[in-house]
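Each value in this text was obtained by applying a stated rule to the coordinates, not by laboratory testing. All values reported here derive from a predicted model rather than from experimental measurement. Note: ideal-geometry Cβ built from the backbone for every residue, glycine included; neighbour counts use all protein chains shown.
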Amino acid sequence: MKNKICERLESTIQSKLEELRIDWNLIGVEKQDESYWVELEFYSNAGEDFVFTIWCDGTFKDFLHELWAYSQSFDPDEHAAMWVGIRGQYGIPDSIRTLIDDADAIGKELEKTALKLHGRE
């Protein structure tokens, strides 16, 4: 059973995603020790199921702050590099250029959505 903070944060995030027509899936919000994690996913242009976790203090304000920090620390080169060794397998594109372009688009999607949720698009 989720605690009230998890329920409130999950409800707030889900409402904002729907209100702003952001095509991300909120997987869930859970408490771990004294922090809360929010797991989200969206599909990239090349079809990657991009799943990531934001750690926060349980408030929507801190969630937004941490989402922005995550978007700014996302490294497209590092992200693309992790797929290069298995490109062409498991549905991963063959082209390194496609992997790089897709990683760049993921970074832009993270930043654009963080700004939109902050009301600064």
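Structural remarks
- The chymotrypsin sites (Phe, Trp or Tyr not before Pro) of the range 69-121 meeting both criteria, a DSSP state outside H, G, I, E and B (loop) and at most 13 other C-beta atoms within 10 angstrom of the site's C-beta, are Tyr90.
- Note on Lys108: lysines with a C-alpha under 16 Å away, same-chain residues under 8 apart excluded, are Lys116.
- Counted by Cβ distance under 9 Å from Tyr43, the other residues give a net charge of -4, where Lys and Arg count +1 and Asp and Glu count -1.
- Taking Cα centre as origin and charging only the Cβ of basic (Lys, Arg, +1) and acidic (Asp, Glu, -1) residues, the dipole magnitude of the range 4-118 rounds to 300 debye.
- With Cα atoms, 0 to 90° folded angle of helix 60-73 axis to the chain main axis: 20 degrees
- Cβ-defined net charge surrounding Ser15, 13 Å radius [Lys, Arg +1; Asp, Glu -1]: -1
- With Cα atoms as the point set, the radius of gyration and Dmax of the range 9-121 evaluate to 14.8, 43 Å.
- Between helix 96-118 and the chain there is an angle of about 20 degrees, using the helix long axis and the longest principal axis of the Cα atoms.
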